[in-house]
Structures are given as structure tokens and as C-alpha cells.
Amino acid sequence: MHPLSFEESDRLPIEKVFRDPVHDYIHIRHKLILDLIDTKEFQRLRRIKQLGTAQYIFHGAEHSRFSHSLGVYEITRKIVDMFERNYPEEWDASMRLVTLCAALLHDVGHGPFSHTFEKLFGTDHEEITTDIILSDETEINAVLKRVSLDFPNQVASVITKQHTNPQVVQLISSQIDADRMDYLQRDAFFTGATYGAFDLSRILRVIRPYEGGIAFQYQGMHAVEDYVVSRFQMYMQVYFHPVSRGMEVTLDRLLYRAKQLYQQDNLYPTFPLLDPFFNETPTLTDYLNLDDGVLLTAIIQWCDSKDAYLSELSNMFLNRKPLKSVTYQKDQDEDLVETLRSIVGKLTYDKDLFTMTHSSSDLPYDYKLKSKTPILLMHPDGTLVELSEASPVVRTLGGRLQGDDRLFVPKEFLEDKQTHINMFQDEYDDFQRYILNGAIIRPTPIDEGADE
Ligand code: NI
């Protein structure tokens, strides 16, 4: 069936709404969208928090991937409705359903504490998202096939950016897409970090389709500028928070230890839901059985593990006592990092389990890389200009890599000496010689020829 004729037959008799703290109401007109929300794969997103370990710093940030996904859908719906009204020539109305479905499903492959989990177990949430859409075994696939047998492929091709319509792809995935617009607003709202807010309504007024993709009317430049600045501030203040990264590192090391013990046939208590991941042979069903609750239950059990390291790391994570960090200069301080790690290793700590380096970096907006779609402004005469050319603020902020490199160590090494007198005094003093104001310092070279 042609998407347009399907769309008409699929209309709900009465529009359905979900109440949302960020967008007020989320409006659903298609039965297809409602049925996708009701699938077990999509309902699972209720049990996965959007911000992972950042909730341990910003306690309000308990919102789920479910609410974010509905938000991305709603922003996309508003844009598509506006395009249909105002740009019937430039926008292909038959793209409506595929765009809305891709918006709703773009994160359906996320797992618990995704970034940490993926690194350790080699899973990839984008690949899993397309697997869920394409697999015969999922409810999502069955719902999508009602449109046509090929429809799951079309939705998946938006996620993989291979869809032939660049407008559809850029709405879901670009440097200013519905995904980012929702998570910046939502994360700002739930963390309480109000500087993450920007004028979404204005952006949704000035966004427009053109032949090559998506652009913004020139007079809306300051709203787009504000979005880039908000994005920068959210990365610096929330996403790269050093304590949040400390929780990530602690989780990483504890899962690493569990995997190590499993492979030595020595993991007690066992946790069968994670076995396929320790074995590195997970199926899609194994993956869909995971959520935050499953992972936390494993960690609660391991708090009493007879392995002292696993028990210690599990307690640290569960009770929010993460490894702490100092910054260092990558490329210059690698030797110093090794020195500090071996000082930690001289004590009861295993240095591979209780120290770790972690780097964060992000370009608030990348206009130098040809691989990224630039943000374009459109003059009334139709000519396009790249955002950083028009905006000095974006030019200053955009091209520079933001973030830092940190070495994480047990907190005792970075606490005031008075709090643990007599505890590994020599190693503590030795360690402190390399630290100043939370950063590793390079020893000043001795100038042999200097006068007294
Ligand atoms: Ni997302």
C-alpha cells in the first residue's frame, strides 16, 4: 500500500495524547505510532534511564529513554506538520510515517548504562536498534510491516543515514536534529541545569526544508546560536561531570572484574542473565532482557561476593563512592600517569581494577570536518550560509575541542591527609608530590647551570 493511503486508513478516530513535562502534550494521530509505543521492546525503554551515571550527581535526572523517545517523536511531528503546511513544494508528504517512526525508534537499542556497557561487552546500540527494527522476532517489526513488507527497511535506513531523502535523515540525525533538541531540553529540565535551555519554539518556526536537506531562516540565527551554546554548556556541566565519569569508571571496572571472574569460573554469586555477555555470544533476546534493574540487582548481589575486589567495587558503585580523579595532559604526561598508577598498585589495590584513565571530548559544533553536515542559514533569496560564517559566537566556540583527560584512583589518594593518618603514609606522600590543585604536575626540570 502507498504510505499516503495507509496513513489515511491508519488515523485514530480521536487523537491520543501523552502528558509530558517538557513538551506539555505529545500528540498521536496514527494507530501505527500508538502500537509501536505499546510493543514490549519500546516499553522496555521505561526501565532505562536516559542519563546513566549522571543521575548520581543530578538527582532529579531520573528520566527514561522512553520519555526522551516520545519527545523526539513530538518535535519531529511538529516539524513535519509545519513542513506540510508551509513547504508543500519542498517537503515530500509521503515521508511522514517513515520520519515519525524513525524518530520514535531511534534509541530503541539502548541498554542499561549504555556507554560503559558497550565498551566492555562490544555491543553497539545503533546496530541493535536496526536489528530490533528488522528482526522477524520483534513486535516492532510486526507492527512496521503493516505498512508494507519493505517499511522496516525504510525506517532502518533513516537510522543508518542511508535513506535517499536527506531531509528525513537530517531531521533525525545531524548537528541540529530532533534527537539533540529533545535531550538538551529534557536533560536541562530534569537536572535543573537551566543554562541548557534554549528557544525551541523559535527554532521550530525557522527550520525549513530545501533540496539538500534542512536549513534555518536567516532571521532565526540567534535561536540556533543559542542552541549551540546550550549544547556546549550541557556537555561541560552535565555530560562531562568528573564525578559522573568516576561512577562510569567504577562501573566499568566492576563489570570488568565480574567478566574476569566468570571466565576463570570463579564468579559467585552467578548471574545467568549476564552469562551471554561474559561469553560474548549474546542474542537479541538476551540483550532485550537487560535493563537498569537487572544490572543493579547483579551489583547488589556482588556486594557480598567472596572476591574482595568485586565486592569492594560493587559497594563503591551502589553507595556512590566512586574513584576520584586528577586531570593530565595527554601525550605529555603518560609516564607520570604510569608512575601514579604504580604507586597505587604498591598497596592492596590491583592497579588495573582501581585506576583508569578516561577522556572526554566534544566539538560543540563542527564546521571544519567535511564528514559532518554543517548547520545552514537561508537568506530570503534562497542563498545558504554556514552558521559559523554568520555568527562570531559560534565561530569562537565551535571549532575547538572541549573536554579533558583524567586519571581515576581510589579516593584515599586525593583526600586530605588528616583524614587517614597512618594509612599508607609513604605512598600517600609519594603520590601527593605529583598533584597540585586536582591536576598532575610535571616536575620542574633542574637547571644545572643556574646561579645560586
Ligand atoms: Ni536519542
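The values are calculated or read from the model by the stated rules, or taken from the named source; none is laboratory data. These numbers come from a predicted model, not from an experiment. Every residue, glycine as well, gets a Cβ built from its backbone with ideal geometry; the counts of neighbours run over all protein chains shown.
Those helices (runs of 4 or more DSSP H) of the range 166-214 in which 3 or more residues are within 16 Å of the ligand (Cβ to nearest atom) and of a type in the set (A, V, I, L, M, F, W, C) occupy 166-172, 178-191.
Take the residues in the range 106-128 that are assigned to a loop (DSSP other than H, G, I, E, B) and within 11 Å of the ligand (Cβ to nearest atom), then tell me which one is nearest to Gln154 (Cα to Cα). Of everything passing the filter in the range 106-128, His106 is nearest to Gln154 (Cα to Cα).
Have a look at Ala103, Ala142 and point out the one that is within 15 Å of the ligand (Cβ to nearest atom), at pLDDT 95 or above and either farther than 26 Å from Leu274 by Cβ or in contact with a Leu (Cβ under 6 Å, 6 or more places away or on another chain) (or both). Talk me through it step by step, then tell me what you get.
Working: Ala142 fails: within 15 Å of the ligand (Cβ to nearest atom).
Going through Ala103, Ala142 in turn, the sole match is Ala103.
Scanning the range 21-69 for residues that are β-branched (Val, Ile, Thr), out of contact with any Pro (no Cβ under 8 Å at 6 or more places or on another chain) and within 30 Å of Lys324 (Cβ to Cβ) yields Thr53, Ile57. Report whether or not Val158 is in contact with a helix residue (DSSP H, G or I) (Cβ under 6 Å, 6 or more places away or on another chain), in the same structural domain as Asp131 (by TED's automatic domain parsing), more than 15 Å from the ligand (Cβ to nearest atom) and modelled with pLDDT of 95 or more. Against the criterion (in contact with a helix residue (DSSP H, G or I) (Cβ under 6 Å, 6 or more places away or on another chain), in the same structural domain as Asp131 (by TED's automatic domain parsing), more than 15 Å from the ligand (Cβ to nearest atom) and modelled with pLDDT of 95 or more), Val158 does not qualify.
Okay, residues lined up against (1) in the same structural domain as Thr99 (by TED's automatic domain parsing); (2) of a type in the set (Val, Ile, Thr); (3) farther than 27 Å from Tyr210 by Cα; (4) part of a loop (DSSP other than H, G, I, E, B):
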site: Phe58; (1), (2), (3), (4): yes, no, yes, yes
site: Ala61; (1), (2), (3), (4): yes, no, yes, yes
site: Val72; (1), (2), (3), (4): yes, yes, no, no
site: Phe83; (1), (2), (3), (4): yes, no, no, no
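Out of Val22, Val80, Val98, report the one residue that is in contact with a Phe, Trp or Tyr (Cβ under 7 Å, 6 or more places away or on another chain) and at pLDDT 95 or above.
On the way: Val80 fails: in contact with a Phe, Trp or Tyr (Cβ under 7 Å, 6 or more places away or on another chain); Val98 fails: in contact with a Phe, Trp or Tyr (Cβ under 7 Å, 6 or more places away or on another chain).
Only one candidate passes the filter, namely Val22.
Quick check on the range 34-76: of everything there that is more than 12 Å from the ligand (Cβ to nearest atom), among the β-branched types (Val, Ile, Thr) and surrounded by fewer than 23 Cβ atoms within 10 Å (Cβ to Cβ), which residue is nearest to Val238 (Cα to Cα)? This residue is Ile57.
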